[in-house]
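As C-alpha cells, the structure follows; a few thoughts come after it.
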Amino acid sequence: MNGKSRLGEFLRTRRSQLSPDEAEVPTYGERRRVPGLRREELALLAGVSASYYARLEQGHSMNASPEVLDAIARALRLDESERLHLLDLARSAKPRGRGRRPAPERVTEATGQLLDTLADVPAIVVGRRSDVLAWNRLGHALFAGHLDPGAPDLPGQRPNMARLVFLDAHTRELYAHWPSKARAVVGNLRMVAGQYPEDSALHALVGELSAKSEEFATMWADHRVKACSVADYEMRHPLVGTLTVTQQTLNLGPGPNIVVATTKAGSPSRTTLALLAQATAEVTAPAAPATPAAAPSQPETHVSDS
C-alpha cells in the first residue's frame with residue numbers, strides 16, 4: 001500500500017468512526033446509510049470544500065497545507081498523537097525520490113551504561129519495530145523469563161515484543177487485561193509506520209502478524225494510533241504472582257528507547273518485584289568457589305633419645 005492509499009484509508013476509517021452526535025452534526029432524525037460522518041459533513045466541519053476533501057481521501061490531492069490538515073484533525077477529534085500521524089501520512093503521500101532504508105538499530109555505549117544503572121528496575125531496550133535489542137536481568141525476568149537471556153545479542157533471534165504479545169502464549173497470559181496491551185502495541189506500530197513509510201522490515205512484520213493473528217488484523221484495520229509513553233498493567237507472573245507495574249518509555253531521541261517497569265513505593269507490587277529480583281539473583285548468581293580441603297594431618301613422629 002502506497003502513501004496515498006494509507007492517507008485515504010486513515011481518513012475514511014476515522015470518519016466512519018465519528019458519529020454525528022459526537023461531532024455535533026444535526027441529523028434531523030433521518031436514517032443514514034453509512035456509518036459515521038459523510039464526506040460533505042466532515043468537509044464542512046473542517047472548513048474545506050467537499051470536492052477538495054473527496055480528492056484528499058481518494059489520493060488525488062497531495063499538497064494539503066499543515067493548516068488544512070490541522071483543521072481536518074480537529075474535525076475528526078484526533079488527539080495529538082493521531083494529529084502527528086496524519087501529518088506523517090500526508091508527507092509520505094507526496095512524490096519523493098528513492099527512499100533510503102533505515103540504518104540498522106544498535107545499542108550505543110551510553111544506552112548500555114544507562115541500562116546497567118537500572119539494575120534494580122526491569123528495563124529493556126526496544127527498536128522502532130519493537131525488537132528487543134537488550135535487557136537487564138530483571139527486564140528479562142519480568143517480560144520474557146521463558147526465553148534465552150542472550151537472545152537480544154543475536155540479530156537473527158532477537159525477540160520482538162509485538163510478536164510476543166500476539167503470538168506467544170506465555171506473554172499473552174502475562175497480561176491480566178491482554179486486549180489493552182495488544183491495542184497499545186498496535187497503536188504504536190501504526191504511529192511508527194507513518195514515521196517510516198519505506199521501512200520494508202516493518203511492513204513485513206505487520207503482514208506476518210496480520211496473517212497469523214486475526215485479532216491483530218482487526219485492530220490494525222481500526223487505524224487507532226497510540227504513543228506508548230506511560231501505562232499501567234496488571235501482570236500475572238508465573239514465578240511470583242500478580243503485580244501492577246507502570247511501563248514507561250524513556251525516549252532517547254533518534255534511535256532505540258528504553259522501556260522500564262516501576263511499582264509504587266510501599267505497595268504489594270513493590271514487594272512482589274523484590275521477590276522476583278531475589279529469585280532471579282539466586283538463579284543467575286555464580287556458584288561460590290569451593291573451599292580448599294584442609295591437608296590431612298600427618299602423624300607426629302617421635303624420635304627416641306636412645
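The values are calculated or read from the model by the stated rules, or taken from the named source; none is laboratory data. As the structure is a computational prediction, the values presented were derived from the model and not from experiment. Note that each Cβ is placed from the backbone with ideal geometry, even for glycine, and that neighbours are counted across all protein chains shown. What goes into the accessible areas is simple: the full protein's heavy atoms, side chains included, and nothing from ligands, DNA or RNA. Shrake-Rupley method; radii C 1.70, N 1.55, O 1.52, S 1.80 Å.
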Completion exercise
Flagged in the stretch 117-169 as farther than 19 Å from Lys181 by Cβ and of a type in the set (Asp, Glu), in numbering order, are Asp120, Asp148, Asp153
Handout entry: Pick from the stretch 248-265, criterion open to solvent by less than 40 Å² (accessible area, probe 1.4 Å) and over 11 Å from Ala123 (Cβ atoms), ranking: modelled with the highest pLDDT
Key = Thr263
Exercise for the section: Residues being open to solvent by 40 Å² or more (accessible area, probe 1.4 Å) and part of a loop (DSSP other than H, G, I, E, B): count how many of those fall in the stretch 103-120. Expected result: 7
Handout entry: Candidates Ala204, Ala211, Ala231, filtered to the one that is within 16 Å of Asp131 (Cα to Cα) and small (Gly, Ala, Ser)
Key = Ala204
Fill in the blank from the handout: Looking across the stretch 152-171 at residues that are open to solvent by less than 10 Å² (accessible area, probe 1.4 Å) and among the aliphatic types (A, V, I, L, M), the single one that is farthest from the chain's Cα centre (by Cα) is Val165
Practice task
Would you please name the residue that is nearest to the chain's Cα centre (by Cα), looking only at residues in the stretch 67-86 that are of a type in the set (A, V, I, L, M, F, W, C) and open to solvent by 30 Å² or more (accessible area, probe 1.4 Å)?
Solution key: Leu84
Exercise for the section: Taking the options Arg12, Arg33, Arg38, name whichever one is open to solvent by 30 Å² or more (accessible area, probe 1.4 Å), of a type in the set (D, E, K, R) and under 31 Å from the mean Cα position of the chain (by Cα). Expected result: Arg12
Fill in the blank from the handout: Filtering helices (runs of 4 or more DSSP H) wholly in the stretch 177-268 for at least 2 residues that are farther than 22 Å from Arg158 by Cβ and either within 13 Å of the chain's Cα centre (by Cα) or without any contact (Cβ under 8 Å) to a residue 12 or more places away in the chain (or both) gives 178-195, 214-221
Problem - Residue selected from the stretch 46-66 under the condition more than 21 Å from His223 (Cα to Cα) and modelled with pLDDT of 80 or more, by the criterion nearest to the chain's Cα centre (by Cα) - result: Ser65
Problem - Total residues in the stretch 185-223, condition closer than 17 Å to Leu84 by Cβ and among the small types (Gly, Ala, Ser) - result: 3
Practice task
Tell me which residues, restricted to the stretch 211-233, are of a type in the set (Val, Ile, Thr) and either surrounded by 15 or more Cβ atoms within 10 Å (Cβ to Cβ) or within 18 Å of Tyr175 (Cα to Cα) (or both).
Solution key: Val225, Val230
Practice task
Among residues belonging to the stretch 223-250 that are among the charged types (D, E, K, R) and touching a strand residue (DSSP E or B) at 6+ places or on another chain (Cβ under 9 Å), point out the one that is farthest from Thr272 (Cα to Cα).
Solution key: Asp232
